[in-house]
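What follows draws every value from the coordinates through simple rules; no lab data is involved. Treat the numbers as computed from the prediction; the structure is a model and nothing was measured. Every residue, glycine among them, receives a Cβ derived from its backbone with ideal geometry; neighbour counts consider all protein chains shown.
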Amino acid sequence: MIEDAESRPVVDDERGSITVFTAVIAFALLLCAGLMVDGGAKIRAFREAYAAAEEAARAGAGQMDTARAYAGGRFEVDTTQAPAAARAYLSAAGHTGTVSTTGNQVRVTVTVSRPTFLISLIGIDTVTATATATARMFHGIEQGQP
């Protein structure tokens, strides 16, 4: 016996399946948007931290120990003035960080935190980025330096 479509009973087993599918897809799209927006915030925080660390290191490396330079012709970073200059730059730029000097090098590490927008919905309120930069003092023209 052949039944036509009108005589078969209607089964509602799949009723609401589109709602579940839509909810899952909407959550996935929101998660992707959150990763893009807040991932961009993380990248911007890193770039800001790196720029501040680079400039602070340059400010510190520009502080020469004049007593050694005049006395013996040795051009080195002033180990008291360099950290102070780097910290002063960081303070003026609105950042904090760690500063260390070794020989003719000044090393600065800066950490920047930024609030999140979309992923704060799942409990992640901030993104943090840390960057380190090193600057060296050069005297005259150096050959073969990178």
task = Could you line up Phe138, Phe75 from fewest to most neighbouring Cβ atoms inside 10 Å?
result = Phe138, Phe75
task = Determine, from the Cβ-Cβ distance of Phe75 and Thr130 and an R0 of 22 Å, the FRET efficiency 1/(1 + (r/R0)^6), rounded to the nearest 0.05.
result = 0.10
task = Report the local net charge at Arg74: Lys and Arg +1, Asp and Glu -1, summed over other residues whose C-beta lies under 9 Å from its C-beta.
result = -1
request  = Kindly put Val108, Val24, Val37 in sequence by how many other C-beta atoms sit within 10 Å of each C-beta, fewest to most.
outcome  = Val24, Val37, Val108
key: Difference of contour (0.36 nm per residue) and Cα-Cα distance, Phe117 to Ile18   = 32.8 nm
task = Sort Glu76, Glu55 so that the residue with the fewest other Cβ atoms within 10 Å of its own Cβ comes first and the one with the most comes last.
result = Glu76, Glu55
remark   = Distance in nm between Cys32 and Ala88 label points, each 7 Å along Cα→Cβ, equals 5.2
